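Right, one structure below, let's go through it.
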Amino acid sequence: MGPNTDMGREAPVSLPASDPDPQASLGELFRSSWDDLVRLATFLTGSVPTAEDLVQDTFLRFGAGRILPDDPGRYLRTSVVNATRSYHRRRLLERRHRPGLPHPGLDHPSELWDILDRLSRRQRTALVLRYYLDLPEDDIATILHCRPATVRSLVKRGLAHLREELSP
Amino acid sequence: MTEPENANGERLRAMFLDAAAHIHPTRPVPETTATSAPTPRTAPLRLTFGLAVCVAAAVGITFAVHPWGSAGANHSTSGTGGSGALLTVESNGAVDLRAPDTGAILSTLVGPSPVDSRGRHLSDPSAVSAAHQVAYIAYDRPSPVIESCRIAAGLIAVNEILSRSHHDDDLDDSRWGYQPRVQLLF
């Protein structure tokens, strides 16, 4: 299951809100959303192994939870974004104490990674959620804990920042 | 959003899609069979209902037990289901058996101003208790001491005395085995 290409608002990670068998729904959710969440985390962190670690941690916390969210896909997506935010904070702290710490490499370096690395973390997250997951501004605002106007500003500034790289 | 921004957005979207096609997780999807499923949202409701039932049962049990000192409490002691009595000690040293519900004196085991076996006046009682049909009373004067007093024939005997006293105004304590006395324990 890949990202939507028809400008739809449905996120790649989705599951019926109510499932009669939580165990089966959890397993199905895990199998169906693993790749998409890893891709999302990869866009946000720039590293596939790191993304896999974060997504796996997210699933572990999700499986250990006592309450099944109404929208597990949305919950997992938000959890992964939060996990990447914590990862970036931890990386920032590590670099502060170890300036020579190498950046996790990419298996398939491309122009996109260079572009994303030039953005601030919040701009990068906003652009990924907006143009990869095609999420509406309200959902992005919920994930980023900010107002929709702030999301519009982040997206606009991010695109402006990448104007030269993105221009054909 | 301006036209160039839209174009840049579309360009960025295309780059995301192209890059996503090249991102392949290196690890297989972990098995989830051993993972315990989260509890659905309906579970807290069932838990709440269960707790409410437990609380209701506890309240019912609390109100169903006999009052302290009632027939139920003394049933095992008497073995015959007497009405029971409270053992009390007055400030003047008298030891009484009282009705648990009204506080009326059923009988007096030790009269006011008791004396011990050496003829000393006991006063300032501080505590009273009973076990195995023997009452124990702590007096502070003339010196701290614990005296014992047999509850003649036990609580049932006292109740029998009380019940018969309704029909016999000339109640003789010695006749019914009611012989209050004080003896020194130490």
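Nothing in this text is a laboratory measurement; each read-out follows from the coordinates by a stated rule. The structure displayed is predicted, hence computed values, not measured ones. All Cβ positions, even for glycine, are placed from backbone atoms using ideal geometry, and neighbour counts span all protein chains on display.
Quick notes on this structure:
- Annotation: amide H of B:ARG141 within the under-5 Å range of B:SER123, sequence separation 5 or more or interchain, hydrogens built in the peptide plane.
- Spacing of the two label points (7 Å from each Cα toward its C-beta) at A:ARG163 and B:ARG120, in nm: 10.8
- Partner chain coverage, peptide A:30-36 - average Cβ within 10 angstrom: 3
- Hz values of 3J(HN,Hα) by residue in the range A:28-37 - Karplus curve (6.51, -1.76, 1.60), Gly and Pro given as x: 5, 4, 5, 5, 7, 9, 4, 4, 5, 5
- Between the range A:134-152 and the range B:100-144, the alpha-carbon center distance in angstrom: 82
- ³J(HN,Hα), Karplus 6.51/-1.76/1.60, whole Hz, each residue of the range B:94-110, x for Gly, Pro: 5, 10, 10, 9, 10, 5, x, 8, 9, x, 5, 6, 7, 6, 10, 6, 10
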